[in-house]
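A short worksheet on the structure shown next.
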Amino acid sequence: MVSGYLPYTFHQPHRWPRCEVILFTMSNKYRGRGMGRGLMDRLVDLVCTRGYEGIYVWTDTALSYRFYESYGFQLVKSFDMKAYKYSIPNKSFTGLIYYYKISR
């Protein structure tokens, strides 16, 4: 059984080696037990080992964005999330981009 999922990708544009989280989710049954933090800790260790400078994540206010804030990610940008206009009518959400700088 999968209780959490954290796919990522590595990018190396000219001078900015970085990692980007594609999707991070944890089954409701396992939230609040430290499993998500454990997955993120392993990713941070891997990113650090590979010499990357940090991790980006794109999320929105419909999801558990507070996890990233509590982990230490810093908000880089927020924007109107128009993608949900048709799938979740009559509600507005904000898109968020966070960055976690790897400290060595």
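The values are calculated or read from the model by the stated rules, or taken from the named source; none is laboratory data. This is a predicted model, so every value here is computed, not measured. Don't worry about glycine lacking a Cβ; one is built from the backbone with ideal geometry, like all the others, and counts go over all protein chains shown. When the accessible area is computed, the model is the full protein with side chains, heavy atoms only, and any ligands, DNA or RNA have been set aside. Shrake-Rupley method; radii C 1.70, N 1.55, O 1.52, S 1.80 Å.
Could you list, in sequence order, all residues of segment 54-73 that are out of contact with any Phe, Trp or Tyr (no Cβ under 6 Å at 6 or more places or on another chain) and open to solvent by 40 Å² or more (accessible area, probe 1.4 Å)?
Trp58, Leu63, Ser64, Arg66, Phe67, Glu69, Ser70
Being hydroxyl-bearing (Ser, Thr, Tyr) and surrounded by 14 or more Cβ atoms within 10 Å (Cβ to Cβ) is the filter here; which residues of segment 79-102 pass it? Lay out the reasoning, then the answer.
Here is the first cut: in segment 79-102, the ones hydroxyl-bearing (Ser, Thr, Tyr) are 84, 86-87, 92, 94, 98-100.
Those that are hydroxyl-bearing (Ser, Thr, Tyr) and surrounded by 14 or more Cβ atoms within 10 Å (Cβ to Cβ): Tyr84, Tyr98, Tyr99, Tyr100.
Among the residues of segment 59-104, what is the count of those that are in contact with a Leu (Cβ under 7 Å, 6 or more places away or on another chain) and among the aromatic types (Phe, Trp, Tyr)?
2
Of the numbered conditions (1) surrounded by fewer than 16 Cβ atoms within 10 Å (Cβ to Cβ); (2) over 10 Å from the mean Cα position of the chain (by Cα), Gly36 fails exactly one; give the number of that condition.
(1)
Report yes if Gly51 is closer than 14 Å to Lys101 by Cα, open to solvent by less than 60 Å² (accessible area, probe 1.4 Å) and more than 15 Å from the chain's Cα centre (by Cα), otherwise no.
Values: closer than 14 Å to Lys101 by Cα: yes; open to solvent by less than 60 Å² (accessible area, probe 1.4 Å): yes; more than 15 Å from the chain's Cα centre (by Cα): yes.
Against the criterion (closer than 14 Å to Lys101 by Cα, open to solvent by less than 60 Å² (accessible area, probe 1.4 Å) and more than 15 Å from the chain's Cα centre (by Cα)), Gly51 qualifies.
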